[in-house]
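**Q** Pasting in a structure now, in structure tokens, and then I'll have a few things to ask.
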Amino acid sequence: MATPAIPQRLTNQIALVTGGSSGIGAGVALALAAEGATVFVNYSHSADGAAAVVKEIEQAGGKAFAVQADVSKEQQVLAMFEQIRKQCGTLHILVNNSGIQDDAPFLEMTLEQWENVMGVNLTGQFLCAREAAREFVRRGPQPEISRATGKIICMSSVHEVIPWAGHVNYAVSKGGIMQLMKSMAQELAPQRIRVNSIGPGAIATPINREARDTPEEEKSLLTLIPYGRIGEPADIGKVAVWLASDESDYVTGTTLFADGGMTLYPGFADNG
Ligand code: NAD
């Protein structure tokens, strides 16, 4: 007897993944496409990276387009949403994933480092979320496609709750994303727009390569992860699919930590 086909969870939905050309964003783009979404893979500089993700999606039988924009620049974000509307008519899912680190000890951190990180991690999420919400409201409900009029997923971090010495700009940007996400969720719920965050722990991507360079560094990182392994972009892709799908239709205004237990204060596991 033939195995019945598993229905795809995001059929006929249009998704935008910012920073989709590498790391977690690429993993999320592949996972959304595998569930039937048409995925816009945003990139700021890496046209080759975005093209490779688009190609991988197409080779797996999915549909994707690359779209350039620096998410910290309002005009570029507006132009990106215009391109999506022209190509596909509307948007159903935004994954606000772009993010950078620009680390320094607090006493040495420059205003430029502070502003760069806020510009991409916080202003970038605000600009893209605002444009996505405007598009959801303009288009209105499409209950035959999804119970929610639109879904916004913010890529936060365990550092929305765990302070991080030497990375103050990054930790503040992620703490800010928590209030951005919750306030948007509160304001947009009457329009049936769901807004949630994913809080990844340590996921193997270019952003943290230096923290995993040597076996000693990797061992030290693992002491922070009770579950005993470093995460993969695909771990986050699965969470993003669930948050974007109707399976999570009653979930809004929350951060789903996918961190192997990093937020469980593992230092206290052995009596503190
Ligand atoms: P990454 O460096 O591979 O991804 C960051 C992406 O953001 C890249 O594709 C980059 O091109 C893009 N980007 C940077 N500046 C941009 C801009 N101005 N406009 C548009 N895109 C821009 O690293 P990653 O680990 O995949 O990070 C993705 C997200 O996950 C980030 O928000 C990061 O803070 C978050 N995160 C990562 C980890 C981890 O352990 N890897 C943990 C927690 C949170």
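**Q** When you go through Asp70, Asp103 one by one, which is the residue that is over 19 Å from the mean Cα position of the chain (by Cα), closer than 22 Å to Gln125 by Cα and within 14 Å of the ligand (Cβ to nearest atom)?
**A** Asp103
**Q** Still on this structure, please answer the following. Could you run through region 117-148 and say how many residues are free of Cβ contacts under 8 Å to residues at least 24 places away in the same chain and within 16 Å of the ligand (Cβ to nearest atom)?
**A** Selection size over region 117-148: 1.
**Q** Related question: Leu111 versus (1) over 17 Å from the mean Cα position of the chain (by Cα); (2) open to solvent by less than 60 Å² (accessible area, probe 1.4 Å): which is the lone unmet condition?
**A** (2)
**Q** Inspect all residues belonging to region 237-246 and state whether any of them is within 19 Å of Val17 (Cα to Cα), open to solvent by 70 Å² or more (accessible area, probe 1.4 Å) and in contact with a Ser or Thr (Cβ under 6 Å, 6 or more places away or on another chain).
**A** yes
**Q** Mind checking which residues of region 241-261 are away from the ligand (no atom under 11 Å from the Cβ) and outside any loop (DSSP other than H, G, I, E, B)?
**A** Once the filter is applied, which keeps residues that are away from the ligand (no atom under 11 Å from the Cβ) and outside any loop (DSSP other than H, G, I, E, B), region 241-261 yields Val241, Trp242, Leu243, Ala244, Asp246, Glu247, Ser248, Thr255, Leu256.
**Q** Can you tell me which of Asp48, Asp70 is buried (at least 16 other Cβ atoms within 10 Å of the Cβ), over 19 Å from Gly150 (Cα atoms), among the charged types (D, E, K, R) and free of Cβ contacts under 8 Å to residues at least 60 places away in the same chain?
**A** So the residue among Asp48, Asp70 that is buried (at least 16 other Cβ atoms within 10 Å of the Cβ), over 19 Å from Gly150 (Cα atoms), among the charged types (D, E, K, R) and free of Cβ contacts under 8 Å to residues at least 60 places away in the same chain is Asp70.
**Q** Pull up region 1-14, narrow it to residues that are open to solvent by 60 Å² or more (accessible area, probe 1.4 Å) and either of a type in the set (D, E, K, R) or under 19 Å from Glu135 (Cβ atoms) (or both), then point me to the one that is nearest to the ligand (Cβ to nearest atom).
**A** Applying the filter and picking the extreme gives Arg9.
**Q** I would also like to ask the following. Can you name the residue in region 172-224 that is within 12 Å of the ligand (Cβ to nearest atom), part of a helix (DSSP H, G or I) and open to solvent by less than 20 Å² (accessible area, probe 1.4 Å) and, of all such residues, is farthest from Ala258 (Cα to Cα)?
**A** Looking at residues that are within 12 Å of the ligand (Cβ to nearest atom), part of a helix (DSSP H, G or I) and open to solvent by less than 20 Å² (accessible area, probe 1.4 Å), I get Ser173.
**Q** Of (1) under 22 Å from Ile152 (Cβ atoms); (2) in contact (Cβ under 8 Å) with a residue 24 or more places away in the chain; (3) charged (D, E, K, R), Glu232 satisfies all except one. Which?
**A** All conditions are met except number (1).
**Q** Right, something else. For region 15-34: of the residues being more than 13 Å from the ligand (Cβ to nearest atom) and surrounded by 24 or more Cβ atoms within 10 Å (Cβ to Cβ), which is nearest to Gly124 (Cα to Cα)?
**A** Ala15
The values are calculated or read from the model by the stated rules, or taken from the named source; none is laboratory data. Keep in mind the model is a prediction, meaning the values are calculated, not measured. Cβ: placed from backbone, ideal geometry, glycine included. Neighbour counts: every protein chain shown. Keep in mind that these areas ignore ligands, DNA and RNA; they rest on the heavy atoms of the full protein, side chains included. Shrake-Rupley method; radii C 1.70, N 1.55, O 1.52, S 1.80 Å.
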